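What follows is one structure encoded as structure tokens, with my remarks underneath.
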Amino acid sequence: MATPGTQYMMQAGLATGMSATAGMHSPHLRPVDPNLNDPAHVLPSDLVPNSQTRMALHGCGGQDVLIPYLSIGAWSWGDKATFGYKATRDLPKIHAAWQKLKSVGLTFVDTAQAYGDGESERICGTLFEGMPRDSFVVQTKWHSTSTIKNTIMQASGPKMMLQGSLDRLGLEYVDIYLVHGPIHPGNISTIAKGLAECMESGLTRAVGVANYSTQEMIKMSDELAKHGHPLGVSQCEYSVIRRLPGTSGMIRECKRRSICFQGFASLAGGRLSGKYSRFNQPGRTMRFSSYPMHMLEPTIAVLKAIADKHRVPVPAVALNYSINKGVVPLVGIRNPEQADQDMQALGWRLTKEEIKQIEELEKRVQSDGEEEGGGATAIPRHPSLKADDRSSTIFPPSATHRITMDRSKKPAAIGVGASLPQPTISIQDNAISATLPSGESVTIQLYGATVTSWKANGQEQLFVSQKAHLDGSKPIRGGIPLVFPVFGPPPQNHVTSPLPQHGFARNSNWEFLGKSSSESAETAGQAKADLAMKLDFGLSHTMLTEEFRKAWPLEFGLVYSVTLTKDTLETSLQVRNEGTQNFEFQVLMHTYFNIENISNVRVKGLDSKTYVDKTRNATSHTETSAALAITEETDRVYKELDPAVPVIISSADDDKPIFSLTRKALTDVVVWNPWIEKAKGMADFGPDEAYQNMLCVEAGAVSEWQTLEAGEAWEGGQTIKSRL
Ligand SMILES: O=P(O)(O)OC[C@H]1O[C@@H](O)[C@H](O)[C@@H](O)[C@@H]1O
């Protein structure tokens, strides 16, 4: 079974404007530099593929997989989140389209485990029923993060998940198995091993990658070669208006290595189909190449003129262009009319002049990023890949900046589901906000992945200083700054010594990796809805400033997950050692709780625990109070707490709990309030009296160092309940 919700993860990337070929989309026109065009990869001029022509794609054991020059994209089949799929309405049309395609020999289907949470594969299974196995080609994709087991067991993950795909497809083997995106926590060599196993056990005839950068693709190709297998496919977004894989040299590299390059979103989410205009815009879920239609008018006018000349429909011209450029285009086909149009892409070739005409459009919309190839659409990138792929563009520093560039053009909030009330996310001022249908919300700044707002029961639960810097010039005074890899001033003669107080995580730019919402809480009488929203953020060593990288030259990947439910806020951190040597770290979630008055709260759950009092020369003491009152500057590190036992901030008036804090793998709790003088002394703390409205109760692993061996991962976190 594919896990429900994976489609929402995919949607999250799209909803935030990410693109497969260049990170975030920009709606700004960017002319293609014709000099960037690389004619080296074009289809040989004497080849005019028709629907029966086959291309040999390299597979296991020297065996080729023969594929047509056009592939049928099956994402929409069964996918409700993006395409609003309805079985009664759409399934008969899909079957009718299949009949047409089959009759001309176009039987190459591209599906994925994640499409419609497995429904697309099931539908494919119904199409293949009764067909000789060698009369169709099916390609599906491994979605690495769909289950915990799959995420942890990376080497065996592909085979394990492929078995599930085969069950849904009703087949004994697929022809091609792709990694859906570079988001696997395991490094590329581990995944290569997993793919090799898929081939060696006969579950797939060939393998490939999707959404990989050129460097990642090369790495995968080299790693597979060590197992004696070829990389058969590289798949990225590619169309007339998204040509980076061509202009960046990715397709040329594919050609050099005999890798079949496939381009998805060949019609830019329908924008190049000729059926949309500025007065009839495609739906908002069609987010690939989501340029406003009026910007595409010059392109479409040229495509149309060429189409008229050749007496073919506009989409056939757009697809023919891809084929000319050495690309096997994938095109989503949902009904017989589309099948009719798209199959006309074959059997003829654009002339050189026509290609030039398309490429020399003055107001061309090109991929908006400087990076090439891979990246993240549906599939956010994962920092851990960096261990294997040092020179690739994973987590380019500019990726986070694009969010700022794009935000003014983005809708304020984008629903991710169709029928039931769904959580929404929005991007503003370099921050991601999520709101549940029941009203709770959370805001996380990309700077430091600092949570700066958590609203529940209509009230703000976190304190943020009025003088806090939110412009990335200083760690944010308030919310939940994340402390890593060192707590407090770093010790002398330690690898962390050159770092600033509390490390670098709170003052680095993180990347938003995506959102997943879990189908939780089916309470009596209530419809099942997505009541929990998880937002993932990534930071890897390649994203650090040069200064921080020098100060802590270790290879790491952090994934910080912030999960909002109706009753709780959870923050958890996964630390991965991506290097070849062990490293030590400390971590702390430095929560500033918003309280009405410091004199009216007590902290419970610390009784009899040993603490280091930083206001008394770091001397050790034992807590004697069952309900600690804060009456002066307080800065204590309580040690060896049972993470499952809540630390509670309660009201002194009626003893009722206000916040409770449970932890995972975080056995220390810091209690901090700067009190009058220190508060005045902090330039970013204000107003002066605000010390009365905040209390930091910070879950951490800080009294000792956590040692992380090369290739290993550590995970810890906290769950906060408020106004219980
Ligand atoms: O001013 P910073 O670096 O944000 O630190 C705030 C406080 O953070 C607490 O966690 C420390 O125990 C204190 O010693 C420190 O003063």
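The values are calculated or read from the model by the stated rules, or taken from the named source; none is laboratory data. Bear in mind that the values here come from a model prediction, so they are computed numbers and not experimental data. In this analysis, Cβ positions are derived from the backbone assuming ideal geometry, glycine residues included, and neighbour counts consider all displayed protein chains. What goes into the accessible areas is simple: the full protein's heavy atoms, side chains included, and nothing from ligands, DNA or RNA. Shrake-Rupley method; radii C 1.70, N 1.55, O 1.52, S 1.80 Å.
Annotations for the structure displayed:
- Residue match in the stretch 604-625 (condition: in contact with a helix residue (DSSP H, G or I) (Cβ under 8 Å, 6 or more places away or on another chain) and either away from the ligand (no atom under 16 Å from the Cβ) or over 15 Å from Val697 (Cα atoms) (or both)): no
- Ser660 vs. criteria open to solvent by less than 40 Å² (accessible area, probe 1.4 Å), away from the ligand (no atom under 15 Å from the Cβ), in contact with a Phe, Trp or Tyr (Cβ under 9 Å, 6 or more places away or on another chain) and outside any helix (DSSP H, G or I): no
- For the stretch 126-159, filtering for residues that are of a type in the set (A, V, I, L, M), touching a helix residue (DSSP H, G or I) at 6+ places or on another chain (Cβ under 6 Å) and modelled with pLDDT under 95 leaves 1.
- Residue within the stretch 704-711 that is among the hydrophobic types (A, V, I, L, M, F, W, C), surrounded by 20 or more Cβ atoms within 10 Å (Cβ to Cβ) and in contact with a strand residue (DSSP E or B) (Cβ under 7 Å, 6 or more places away or on another chain) present: yes
- Within the stretch 670-697, residues that are farther than 25 Å from Val612 by Cβ sit with their Cβ atoms under 8 Å from residues that are within 12 Å of the ligand (Cβ to nearest atom) and assigned to a loop (DSSP other than H, G, I, E, B), at 6+ positions apart or across chains, in these pairs: Asp684/Ser465; Asp684/Ala468; Asp684/His469; Asp684/Lys474; Asp684/Arg477; Gly686/Ser465; Ala690/Ser465.
- Residue in the stretch 447-456 that is nearest to Val587 (Cα to Cα), counting only those that are among the small types (Gly, Ala, Ser) and more than 14 Å from the ligand (Cβ to nearest atom): Ala449
- Some residue of the stretch 602-610 being open to solvent by 20 Å² or more (accessible area, probe 1.4 Å) and touching a Gly at 6+ places or on another chain (Cβ under 9 Å): no
- Count of residues meeting criterion [touching a Ser or Thr at 6+ places or on another chain (Cβ under 8 Å) and either farther than 21 Å from Leu628 by Cβ or more than 16 Å from the ligand (Cβ to nearest atom) (or both)] in the stretch 701-721: 8
- Filter result (surrounded by fewer than 21 Cβ atoms within 10 Å (Cβ to Cβ), within 14 Å of the ligand (Cβ to nearest atom) and farther than 18 Å from Asn597 by Cα) within the stretch 665-700: Gly681, Met682, Ala683, Asp684
- Inside the stretch 457-510, residues that are within 26 Å of Phe583 (Cα to Cα), within 14 Å of the ligand (Cβ to nearest atom) and outside any loop (DSSP other than H, G, I, E, B) make up a count of 8.
- Output for the stretch 512-541, where each listed residue is open to solvent by less than 30 Å² (accessible area, probe 1.4 Å) and modelled with pLDDT of 80 or more: Phe512, Ala532, Met533, Leu535, Asp536, Phe537, Gly538, Leu539, Ser540, His541
- Test: residue in the stretch 643-657 that is surrounded by fewer than 20 Cβ atoms within 10 Å (Cβ to Cβ), within 16 Å of the ligand (Cβ to nearest atom), touching a residue at least 24 places away in the same chain (Cβ under 8 Å) and in a loop (DSSP other than H, G, I, E, B): no
- Cβ-Cβ under 7 Å pairs, at least 6 apart or on other chains, the stretch 221-245 side over 30 Å from Ile355 (Cβ atoms), far side β-branched (Val, Ile, Thr) and in a helix (DSSP H, G or I): Glu223/Ile188
- Residues satisfying the stated conditions in the stretch 703-714, i.e. under 27 Å from the mean Cα position of the chain (by Cα) and within 25 Å of Tyr611 (Cβ to Cβ): Trp714
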